Amino acid sequence: MTTQSRPLGIAALLLATSAWGGMFLVSKGVLQHVDPFWLTLIRYSLSAVLFVALLAPRGAAPWLKLRAHALPLAVRGVAGFGVFSVMMLTGLAHSVPSHGAIIMATTPMTTQLLRWALDGVRPSRTTLLTSLLALAGVMIVSGALSSHGASAGESTAFGDAMAFVGTLGWVWYTRGAAQFANKLDVVEYSALTVLASWPLLLLGAVVATAAGVAGLPTTPGLVSSWHALAYVGLVSSALAVLAFNFGVRTMGTITSTAFLNFVPVSALLMSIALGKFPAGNELVGMAMVVGALLIHTASSRAGAAMPARPIQPVKAQVRGVCGAAS
């Protein structure tokens with residue numbers, strides 16, 4: 001990393017996390033007119049147009065890669081864009097934007113827990129403790145621990161639980177980036193997963209509508225929310241992803257992960273700017289989540305910076321054994 005690229009990396013990460021914080025505020029209003037299934041299809045249809053424009057100057061090479069890896073790219077895309085987006089938006093419909101932003105910020109720790117379950121890579125004690133602290137913070141934010149929250153209509157536990165489960169789809173998507181690291185660059189992986197999964201996203205919206213789970217958007221609803229749809233599709237679903245991936249390449253994974261702490265902060269600041277002040281339990285819960293993420297990130301950086309223990313040369317070991325024997 002060069003000195004000149006560091007400010008660009010920081011700016012890109014702040015742009016991405018701010019865009020994601022704003023996404024929850026914007027999407028909340030759109031859900032009054034557009035169902036989560038169709039909102040997911042629309043946002044990634046718009047991002048697909050932008051990605052096609054980015055791939056066009058590269059000639060036929062990206063399309064040959066898409067043809068060669070269509071199935072695994074489609075599976076990763078459905079998990080990261082379909083499952084994550086539909087469940088996150090469904091949860092948002094039963095919750096508030098700041099809660100969704102807080103839950104999204106827990107994905108770094110969820111990633112390590114999933115690696116433990118799937119790969120057998122046991123996380124550190126600090127990771128386990130901070131994960132429990134973050135989960136407790138999410139429960140406090142949602143009002144699930146309040147004795148009167150559910151009966152008074154104040155609990156958002158159901159929506160927050162839906163959003164949390166949906167983040168597992170995004171974790172699965174990001175795991176795929178390592179699988180294709182030697183085959184696809186940042187733009188190609190982002191673009192081709194969207195393009196490969198788009199037909200399945202369309203099929204899912206149509207099937208959900210036919211089954212009565214989703215509702216077909218109306219023309220007046222689309223017209224009244226076109227500006228919000230453009231933001232969600234082009235800014236948060238395309239530009240923010242590219243900016244974050246650029247930040248990862250520039251600043252490193254551990255440092256970039258720390259910037260996810262800014263997602264709930266940005267959403268909260270935007271909510272305050274719009275005149276919605278957080279409740280006491282939301283402030284306490286968010287402080288717990290952000291504190292857990294900061295401790296987790298600091299611990300990860302310390303572990304990565306720890307020098308490896310030098311290994312004694314084989315000849316020296318053999319010589320020492322022989323000298324002891326004589």
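The values are calculated or read from the model by the stated rules, or taken from the named source; none is laboratory data. Keep in mind the model is a prediction, meaning the values are calculated, not measured. Positions of Cβ are backbone-derived with ideal geometry, glycine not excepted, and every protein chain shown enters the neighbour counts.
Being farther than 23 Å from residue 138 by Cβ and either surrounded by fewer than 16 Cβ atoms within 10 Å (Cβ to Cβ) or free of Cβ contacts under 8 Å to residues at least 60 places away in the same chain (or both) narrows it down to one residue among 52, 78; which is it?
That would be 52, the only listed residue that is farther than 23 Å from residue 138 by Cβ and either surrounded by fewer than 16 Cβ atoms within 10 Å (Cβ to Cβ) or free of Cβ contacts under 8 Å to residues at least 60 places away in the same chain (or both).
Only residues that are closer than 15 Å to residue 38 by Cα and out of contact with any helix residue (DSSP H, G or I) (no Cβ under 7 Å at 6 or more places or on another chain): list them for segment 172-208, please.
199, 203, 206, 207
With the condition being more than 22 Å from the chain's Cα centre (by Cα) and closer than 15 Å to residue 190 by Cα, I'd like the helices (runs of 4 or more DSSP H) fully within segment 54-93 carrying at least 3 qualifying residues.
Qualifying helices (runs of 4 or more DSSP H): 61-68.
Within segment 229-251, is there a residue that is loosely packed, with under 15 Cβ neighbours inside 10 Å and either at pLDDT 85 or above or closer than 23 Å to residue 187 by Cβ (or both)?
Checked segment 229-251: at least one residue is loosely packed, with under 15 Cβ neighbours inside 10 Å and either at pLDDT 85 or above or closer than 23 Å to residue 187 by Cβ (or both).
So which pairs qualify, if the first residue must be in segment 272-294 and under 14 Å from residue 141 (Cα atoms) and at pLDDT 80 or above, the second must be of a type outside the set (Phe, Trp, Tyr) and surrounded by 13 or more Cβ atoms within 10 Å (Cβ to Cβ), the Cβ gap must be under 6 Å, and the two must be at least 6 apart or on different chains?
Partner pairs satisfying both residue conditions: 284/140; 288/133; 288/137.
In segment 109-121, is there at least one residue being in contact with a helix residue (DSSP H, G or I) (Cβ under 6 Å, 6 or more places away or on another chain), free of Cβ contacts under 8 Å to residues at least 12 places away in the same chain and surrounded by fewer than 19 Cβ atoms within 10 Å (Cβ to Cβ)?
Taking every residue of segment 109-121 in turn, at least one turns out to be in contact with a helix residue (DSSP H, G or I) (Cβ under 6 Å, 6 or more places away or on another chain), free of Cβ contacts under 8 Å to residues at least 12 places away in the same chain and surrounded by fewer than 19 Cβ atoms within 10 Å (Cβ to Cβ).
Considering segment 1-53 alone, what residues qualify as being closer than 24 Å to residue 104 by Cα and not in a helix (DSSP H, G or I)?
Within segment 1-53, 31, 32, 33, 34, 35 qualify.
Sort out which residues of segment 54-88 are among the β-branched types (Val, Ile, Thr) and in contact with a Pro (Cβ under 6 Å, 6 or more places away or on another chain), and write them in order of number.
86 - this is the single residue of segment 54-88 that is among the β-branched types (Val, Ile, Thr) and in contact with a Pro (Cβ under 6 Å, 6 or more places away or on another chain).
Considering only residues that are in a helix (DSSP H, G or I) and either in contact (Cβ under 8 Å) with a residue 24 or more places away in the chain or touching a strand residue (DSSP E or B) at 6+ places or on another chain (Cβ under 8 Å) (or both), which ones fall in segment 200-219?
Listed by number, the residues that qualify are 200, 201, 202, 204, 205, 208, 209.
Inspect all residues belonging to segment 242-251 and state whether any of them is more than 19 Å from residue 27 (Cβ to Cβ), aromatic (Phe, Trp, Tyr), in a helix (DSSP H, G or I) and touching a Ser or Thr at 6+ places or on another chain (Cβ under 9 Å).
Taking every residue of segment 242-251 in turn, none turns out to be more than 19 Å from residue 27 (Cβ to Cβ), aromatic (Phe, Trp, Tyr), in a helix (DSSP H, G or I) and touching a Ser or Thr at 6+ places or on another chain (Cβ under 9 Å).
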